[in-house]
Amino acid sequence: MLKRIFLVICFLVICLPSALAAQLCIPNAPEACQVRLSIKTALGEKAYEWNEHEKFLFRAAMAFAMRKHKEQEFSLSDIILCNETVRVSFWFVVTSPLNPSVLVERKDIEKAVSKFRHRINGAFLLSDTTLEFVNIYPTLAAPVVPNTPPWLIVFGVVIGLIGAGIVFLLTSTIVQKRRKKQQKAEEGDEDIEELEAKTVENGSTSEGVYNTTFSDDDRFTQM
Ligand SMILES: *[C@@H]1O[C@H](CO)[C@@H](O)[C@H](O)[C@H]1NC(C)=O
């Protein structure tokens, strides 16, 4: 009789909750997540065995991630593992700390995992590829931001083109002005040369006459 009572109590206290928990964790259910581990691949000789202690650590790490993400008091019992395979893979679900029969939505688990991926990886000395949360991508939380954002590159190119245009315009106008100056100077030289040639031709022309013609010329150009 006592044995029977003990068995019933055992069933109610130990077996029933775990049976219920196992019922909550169903592979491919909308709220369930799958994990694949490649401990040997990652650590080779230093590989550790996936045992109850490691599972405890996983549940603790997941509870930690869920706590940080949801700011609710998740505990070990809220992280339920099931359908473990030898070459380690398993499924898990997360129950609400407010009601252990309610499952946390998968999108919340995904966000928590993505946010604290590095902390979970660190606990197991594994990487994103050797500790795989199937269909949960670590890039979800921290999208890869290139060092130089695309708009900055476009902006740089546009500014560069405008700058090059301004430099081109400035240099071309300067060059044109210089050419004009040179042309004018050359024409002036020719005039002077012509005048000199004339004076040389005339021979007898005195310097005084030459000067007056020059000053007359000046007056003309001023007008
Ligand atoms: C998961 O485990 C349960 C109970 O051990 C079993 O009934 C079920 O078929 C398993 N599902 C898969 C997909 O392996």
Exactly one of (1) over 15 Å from Glu31 (Cα atoms); (2) touching a residue at least 60 places away in the same chain (Cβ under 8 Å); (3) of a type in the set (Val, Ile, Thr) is unmet by Val113. Its number? (1)
Does any residue in the stretch 17-29 that is in a helix (DSSP H, G or I) come within less than 7 Å, Cβ to Cβ, of a residue that is at pLDDT 85 or above six or more places away or on a different chain, and which pairs are these? Ala21/Ile80; Ala22/Cys82; Leu24/Ile80; Leu24/Val93; Leu24/Thr95; Leu24/Leu103
Kindly establish whether Arg67 is farther than 17 Å from Ser96 by Cα and at pLDDT 95 or above. no
Please work out if Arg36 is surrounded by 12 or more Cβ atoms within 10 Å (Cβ to Cβ) and more than 15 Å from the ligand (Cβ to nearest atom). no
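Could you go through the stretch 52-61 and let me know if any residue there is of a type in the set (Phe, Trp, Tyr), more than 16 Å from the ligand (Cβ to nearest atom) and not assigned by TED's automatic domain parsing to the domain that holds Ala32. First the steps, then the outcome.
Keep residues of the stretch 52-61 that are of a type in the set (Phe, Trp, Tyr), which gives 56, 58.
Filter again for more than 16 Å from the ligand (Cβ to nearest atom), leaving 56, 58.
With the extra rule that they be not assigned by TED's automatic domain parsing to the domain that holds Ala32, the set shrinks to none.
No, there is no match, as no residue in the stretch 52-61 is of a type in the set (Phe, Trp, Tyr), more than 16 Å from the ligand (Cβ to nearest atom) and not assigned by TED's automatic domain parsing to the domain that holds Ala32.
Given the criterion under 22 Å from Ala63 (Cα atoms), under 23 Å from the mean Cα position of the chain (by Cα) and either assigned by TED's automatic domain parsing to the domain that holds Pro30 or away from the ligand (no atom under 16 Å from the Cβ) (or both), identify the matching residue among Ile136, Ile79. Working first, answer last.
Details: Ile79 fails: under 23 Å from the mean Cα position of the chain (by Cα).
That would be Ile136, the only listed residue that is under 22 Å from Ala63 (Cα atoms), under 23 Å from the mean Cα position of the chain (by Cα) and either assigned by TED's automatic domain parsing to the domain that holds Pro30 or away from the ligand (no atom under 16 Å from the Cβ) (or both).
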Tell me, which residue of the stretch 25-43 that is within 32 Å of the chain's Cα centre (by Cα) and of a type in the set (Gly, Ala, Ser) is nearest to Leu103 (Cα to Cα)? Ala32
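Do we have Glu54 as acidic (Asp, Glu) and either at pLDDT below 95 or over 20 Å from Glu132 (Cβ atoms) (or both) here? Working first, answer last.
Details: acidic (Asp, Glu): yes; either at pLDDT below 95 or over 20 Å from Glu132 (Cβ atoms) (or both): no.
No; evaluated as a whole, the condition is false for this residue.
The values are calculated or read from the model by the stated rules, or taken from the named source; none is laboratory data. On a predicted model such as this, the values are computed, not experimentally measured, just so you know. For neighbour counting, all protein chains shown are included, and Cβ atoms are generated from backbone atoms with ideal geometry for every residue, glycine included.
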